[in-house]
Amino acid sequence: MAKASSSKKVARVARAGTGKRRVRERKNLAFPMAIFVILVLGSLVVVVARSARLDAASASEAPAANKDHWHAAYGVYVCDRFLPPLADSMKASATGIHTHADGLIHVEPTSPVGAGANARLKLFADPAGLKFGSDSFTAPDGTAYTNGYDCNGKPAKVYVYRWANAQDPSATAEVFDRDLGNVRFKDNGSAYTIAVVPEGTEVPRPDSVPQLAEALGGGAAGESPTAGLPPNLSVPAGAESAPASLVDPASPVNPAAPVNPASPVDPASPVDPASPVNPAAPSQPSTPAVPDPAAPAPNAGVVPGQP
Ligand SMILES: [Zn+2]
C-alpha cells in the first residue's frame, strides 16, 4: 500500500516537474522570439526607408526618370583619331540611356536606376558594347584599351574628358583617369571624349558636337536633325581642351564628397562623385560650384578618379 501510494506520489511529482519545465521552456523561448521579431521589423523599416530615400533622391535630382531627355556628344579617341560611333543601343538599354549610332548619348532614364546620381557613363556604354574597367575599356570589337597601350611607340593612358557645356568654347574639360564608367551625366548638352592618348596629348571634343547642337536646338524631344543652330555656334574640335597633364595617383579623394549608400547601380562604388574640381578651370557657370576644402595637390592636373 505504502509502496503504491509513494510510487503514485513520485509519478505526480514527475508530472508536475515536466509541466513546470514546459512552462519554463516556453518562457525561455519567448524572449529570443521577441528579439527575432524586433530584428525582422527593424530590417524591414531600414529597407523601406532606403528605397524611399532613393526614390526621393532620384526624383529631386536631374536627369529625372520619365521626364528628362538630355543629349550629350561623345567620341572614342584612340591615339590621334576618333573611332566610328557605337552601334544603336536603344533596344539593349534597360535604363533608357542609349545611343542611335549617331555619336550622341540620349540620357532618357526610364526608372530611378538610370536617373539622378545613378545616370553614369557605363549605363550608356554597356548596352552599346563598350565595357569599362576602372582605368581601361574594351571596345565592341574586343580590342582592350589599357594604360600602356601603344600609340605609335608612346605608352598611352586611358581618360574620360567631360565638358559640362559642349557649346561653350571657353569651357575646360574635367579629366578622369579612373572609375571611368562612373563618370556622371550631370548636364544636358555636355560632351565626353573617351581618350587613349600619351600624356600631354591635346584631347579634342567629340566630332558629334555639331549634331549635339542640332539635337539641342530641336527642343525637348531633340530628335529632329532639321532644327540647326547657326554654324558659328558649333565648336571646332579640339578648341580649348585641357591638356592631359600630370596625374597624381596619390591625390586624396575629395573628403567633401558625400557617401551615396542608396545607389543600386554600383554598390562597390562607395563614394558619390561630387563635381570634381579642375584646378585649371576658374569657374564653370553651368555647373553648381562644389566647394572643395581639400587644397588640390600641386600636380593634380587630373581629377582623382571620382566623376
Ligand atoms: Zn534623344
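The values are calculated or read from the model by the stated rules, or taken from the named source; none is laboratory data. Just so it is clear, the model here is predicted, and its values are computed rather than measured. Cβ: placed from backbone, ideal geometry, glycine included. Neighbour counts: every protein chain shown.
Some points to look at:
- Hits in region 201-225 - residues which are at pLDDT 95 or above and either more than 18 Å from GLU108 (Cα to Cα) or assigned to a loop (DSSP other than H, G, I, E, B) (or both): THR201, GLU202, VAL203, PRO204, ARG205, PRO206, ASP207, SER208, VAL209, PRO210
- Which listed residue is over 20 Å from ALA191 (Cβ atoms) and among the acidic types (Asp, Glu), from ASP168, ASP80, ASP135, ASP102: ASP135
- Any hit, region 152-163, residues being without any contact (Cβ under 8 Å) to a residue 40 or more places away in the chain, on the phi > 0 side of the Ramachandran plot, crowded, with 17+ Cβ neighbours inside 10 Å and assigned to a loop (DSSP other than H, G, I, E, B): no
- Checked against (1) closer than 17 Å to ALA191 by Cα; (2) of a type in the set (Lys, Arg); (3) within 15 Å of the ligand (Cβ to nearest atom), LYS91 passes all but a single condition, namely (1).
- Of all the numbered requirements in (1) touching a residue at least 60 places away in the same chain (Cβ under 8 Å); (2) over 14 Å from TYR74 (Cβ atoms), GLY181 misses one, and that requirement is (2).
- Residues satisfying the stated conditions in region 108-134, i.e. within 15 Å of the ligand (Cβ to nearest atom) and under 20 Å from ASP179 (Cα atoms): GLY114, ALA119, LEU123, PHE124, PRO127, ALA128
- Within region 49-97, restricting attention to residues that are surrounded by 21 or more Cβ atoms within 10 Å (Cβ to Cβ) and assigned to a helix (DSSP H, G or I), the residue that is modelled with the highest pLDDT is LEU54.
- If you go through region 189-213 and pick out every residue that is surrounded by fewer than 20 Cβ atoms within 10 Å (Cβ to Cβ) and either within 15 Å of the ligand (Cβ to nearest atom) or at positive phi (or both), you end up with 2.
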